[in-house]
Amino acid sequence: MDLQQNLQTIRSRISQACARTGRDPSSITLVAVTKAVSDRTVQQLIELGVGTFGENRAIPGQRRSGLFPQVKWHLIGPLQSNKVKYCRDFDLIHSLERLKIATLLNQKAAEWDKQINVLIQVNISGEDAKHGLGIGDVLDFARILIRECPNLNLRGLMGMAPYVEPEKTRSCFQALARLHEQLRARVKSDADVLSMGMSNDFEVAVEEGATMVRIGSALFMEEE
Ligand SMILES: *Cc1c(COP(=O)(O)O)cnc(C)c1O
């Protein structure tokens, strides 16, 4: 695989999606999702200038944040209560969806004497099996989180569209972007992160306002 070429292609597709909607490409953070690749590939991406990485499990993520402390590490997958103790060094946790976990994470953060940045994961796909809070529950959850978890810093929202033809994801991303506006208007004006878009659908997500895209397979695919 030609990592440099893949990275360049993704960056230029992000730029084109920005150009179509009058956005500034520098307002979008590419999170390289490295759950399926080796440490060596991570090292190569760092050398190519990638500065933000996502892992979907806490223990491997913690290990990599120790190996590569010069870049930022995000937890993007579901967090279980027995894994909260591994979360000290994540710069952002995208997948908060339960108050019980939030409370445990808040306790840990207080012990560590730090603030942990979090996003609320929202179920925008309408599929029951998918993680995340229902859209109608998010603002109340955010208010409770802010009140009960002073060591968590709510930075915004994350969502995953269903795996369908990219254009069909647009209404999901629009719904999440609208909710993000409401969060900022009514609950927390500095919650500036909207994490949406993956390999299949990141251009649509950027057109609809994503500030972070989480990309794995498109980075690591082989040429045809
Ligand atoms: C694996 C994963 C991604 C990246 O998916 P690709 O389709 O490989 O780009 C993004 N977000 C989450 C939560 C993931 O688990």
Counting other C-beta atoms within 10 Å, which of Arg147, Arg11, Arg155 has the fewest, and how do the rest follow? Arg147, Arg11, Arg155
In segment 3-220, taking the dipole from +1 charges on Lys and Arg beta carbons and -1 charges on Asp and Glu beta carbons about the Cα centre, the listed residue (Thr21, His180, Phe90) farthest towards the positive end is Phe90
Given bins 10 angstrom wide, list per bin the percent of all Cα-Cα distances in segment 1-65, short to long. 19, 46, 27, 8
Per-residue Cβ neighbour rank within 10 angstrom, fewest leading, Met198, Met212: Met198, Met212
Considering only Cα-Cα distances, which of the following residue pairs are longer than 28 Å: Lys35/Lys130; Lys108/Lys168; Lys85/Lys168; Lys35/Lys188; Lys100/Lys168; Lys72/Lys168? Lys108/Lys168; Lys85/Lys168; Lys35/Lys188; Lys100/Lys168; Lys72/Lys168
Local net charge near Asn106, Cβ-Cβ under 14 Å (Lys/Arg +1, Asp/Glu -1): +4
By the Cα gyration tensor axes a ≥ b ≥ c (a/c under 1.5 gives rounded; else a/b larger than b/c gives prolate, otherwise oblate), the shape of segment 144-224 is prolate
Bins of 5 Å, beginning at zero and ending with the bin holding the largest distance: percent of Cα pairs per bin for the chain, please. 1, 7, 15, 19, 20, 17, 12, 6, 2, 0, 0
Whole-number D in µm²/s for segment 56-117 (Stokes-Einstein; Kirkwood sum over Cα pairs; 4 °C, 1.567 mPa s): 112
Quick check: net charge around Pro78, other residues with Cβ under 11 Å of its Cβ, Lys/Arg +1 and Asp/Glu -1? +3
Starting with the fewest neighbours, write out Leu105, Leu3, Leu48 ranked by other beta-carbon atoms found within 10 Å of each beta-carbon. Leu48, Leu3, Leu105
Over segment 3-220, calculate the relative contact order: mean separation of alpha carbon pairs under 8 Å at least 6 apart, over the residue count, as a percent. 20
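Each value in this text was obtained by applying a stated rule to the coordinates, not by laboratory testing. It should be emphasised that the depicted structure is a prediction, and the values quoted were computed from it without experimental measurement. Heads up, the Cβs are rebuilt from the backbone with ideal geometry, glycines too, and the neighbour counts pull from every protein chain shown.
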